[in-house]
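Here the structure comes first, spelled out in structure tokens, and everything after it is commentary.
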Amino acid sequence: MIAVFVDFLALVLSFLILRRISLKHDETRFSGVESFFVGLLAWVFLFSVSGWGFLGLYLTYLLLSERVLAAIFGLMFIGMASGFALQANEILDTSTVVQFLRRALVFRPTKPHSLIFEEELDKKRVRDIHAETSDKAFPTMGGQKQLLSKEELQRFQKDLASPRERPPRSMRFEEEVQQLKTGHVVHLTDPWKIYNFNQTLHEFYTEMFELEIDPATRTFQFRLNIHAATETALRDPMFVFELKQDLYQLLQVLNTDPWLAWYSEFFDHIVVVCFGNESDAFGNMQMYPILRIDIVRSQLTDREGKFFNAADLQTICAFTFANGKPLPEELL
């Protein structure tokens with residue numbers, strides 16, 4: 001049994017060291033001395049594997065021929081350890097170690113550099129074309145780039161952490177105003193998404209899509225995706241109440257949003273079509289309209305800064321809700 005444990009210890013240690021070297025330093029150019037010691041370690045591992053098999057055969061002989069019952073414990077240990085190694089083949093990265101072992105056994109652990117003829121020929125053609133078309137030297141890689149100082153690194157980290165300045169209005173505002181004055185519907189989704197990339201006044205801002213202003217009906221309309229609004233959740237009175245609270249807060253924020261204030265003369269209604277989601281028979285999430293709100297902005301202005309019970313939201317607006325069922329298309 002002592003021989004089994006000694007061989008097992010040598011096998012495990014040599015394997016783990018070879019695995020670490022093969023995974024971390026496979027591309028390293030080893031010196032002659034380093035190559036010798038790595039090759040020596042590879043031979044230790046190979047002899048340990050051979051000894052492992054020899055000990056298994058020897059213990060089997062003792063058990064069957066000499067009737068040494070104690071040999072069964074050594075065979076059980078060898079069997080369990082070998083079974084674990086075979087079961088954890090991928091976890092132990094055995095294939096990588098074996099490839100590295102083949103080079104290390106001949107004391108050449110450094111991975112040979114493979115030369116691809118087509119790539120080298122393409123490089124030569126590029127150099128030839130550059131020489132024919134330019135009188136300048138062929139550009140080469142410069143020296144190693146100097147590392148950033150501590151002060152420069154802190155400055156960059158501060159710049160990344162600080163939010164970008166909010167633009168006062170849409171970059172296409174002049175063009176949009178001309179379209180609104182001529183009675184055309186203006187779509188604001190793209191500038192809205194750019195505007196709110198890092199700046200959100202409400203958590204629902206990032207879920208607003210298909211934003212548009214229609215000067216004919218004087219409405220500002222958008223689609224709002226509510227991912228938590230499943231058919232099951234919409235049957236929960238507490239979820240519906242909290243949803244009304246969030247929607248009322250969103251409407252108040254939009255009514256005072258300085259970015260939208262530039263378009264105030266073109267709309268006096270805010271229309272929100274809320275979309276919930278439910279998984280279909282294949283497990284895919286499908287969005288469908290569940291709620292529509294049409295509110296006059298004066299209703300929001302009159303209640304600005306005052307307490308309002310969200311449960312009474314339907315009393316100050318056209319509130320269409322089908323208890324989780326899809327809304328008819330004529331309301332969209």
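Readers should treat all values here as calculations from the given coordinates under stated rules, not as data from a laboratory. These numbers come from a predicted model, not from an experiment. Ideal geometry is used to build each Cβ from the backbone, glycine not excepted, and the neighbour counts take in all protein chains shown.
A few points about this structure:
- Acute angle (nearest 10 degrees) that the helix 117-133 long axis makes with the longest principal axis of the chain, alpha-carbon atoms: 60 degrees
- Size of region 2-104 as Cα extents on the principal axes (Å, biggest first): 53, 27, 18
- Note on ALA322 and ASN284: the extension gain reaches 11.4 nm, defined as 0.36 nm multiplied by sequence separation minus the Cα-Cα distance.
- Short-range pairs are left out: with C-alpha atoms under 8 Å and at least six residues apart, the relative contact order of the chain is 11 percent.
- Across all Cα atoms of region 253-308, the radius of gyration (one decimal) and Dmax (whole number) stand at 16.2, 47 Å.
- Shown for ASP190, ASP135: other C-beta atoms within 10 Å of each C-beta, ranked fewest to most, produce the order ASP135, ASP190.
- Semi-axes of the equivalent ellipsoid of the chain are 70, 37, 19 Å, computed as sqrt(5λ) over the eigenvalues of the C-alpha gyration tensor in descending order.
- By other beta-carbon atoms within 10 Å, ranking HIS227, HIS187 with the fewest at the front produces HIS227, HIS187.
- Here region 173-331 is described by how far its Cα atoms reach on the three principal axes: 46, 39, 34 Å, from widest to narrowest.
- Simple rule: put +1 on each Lys or Arg Cβ and -1 on each Asp or Glu Cβ in the chain, find the dipole, and look at PRO328, ALA85, SER48; the Cα lying farthest toward the positive end is SER48.
- Sorted fewest first by neighbouring Cβ atoms within 10 angstrom, ARG172, ARG125 come out as ARG125, ARG172.
- Excluding exposed DSSP-loop GluC sites (Glu not before Pro) (at most 13 other C-beta within 10 Å), longest clean stretch of the chain: 204-303
- Here the chain is scanned for chymotrypsin sites (Phe, Trp or Tyr not before Pro) in DSSP loops (not H, G, I, E, B) that have at most 12 other Cβ atoms within 10 Å, and the longest stretch holding none of them is 1-196.
- Electrostatic dipole magnitude of the chain [Cβ: Lys, Arg +1; Asp, Glu -1; Cα centre; debye, to 20]: 1600 debye
- When the trypsin sites (Lys or Arg not before Pro) in region 215-276 are filtered for DSSP coil states and for at most 14 other beta-carbon atoms within 10 Å of their beta-carbon, the remaining sites are ARG218.
- In nm, spacing of pseudo-spin labels at THR189 and ARG29 (7 Å Cα→C-beta vector): 5.6 nm
- Using only side-chain charges placed at the Cβ, +1 for Lys and Arg and -1 for Asp and Glu, the dipole size of region 1-132 relative to its Cα centre rounds to 240 debye.
- For the chain, the longest principal axis of the alpha carbon atoms and the long axis of helix 32-64 meet at an angle near 70°.
- DSSP bridge pairs, the chain: antiparallel proportion in percent, nearest 5: 75 percent
- Each Lys or Arg adds one and each Asp or Glu subtracts one; over the other residues with Cβ under 10 Å from the Cβ of TYR248, this totals 0.
- Axis angle, to the nearest 10 degrees, between helix 94-104 and the longest C-alpha principal axis of the chain: 50 degrees.
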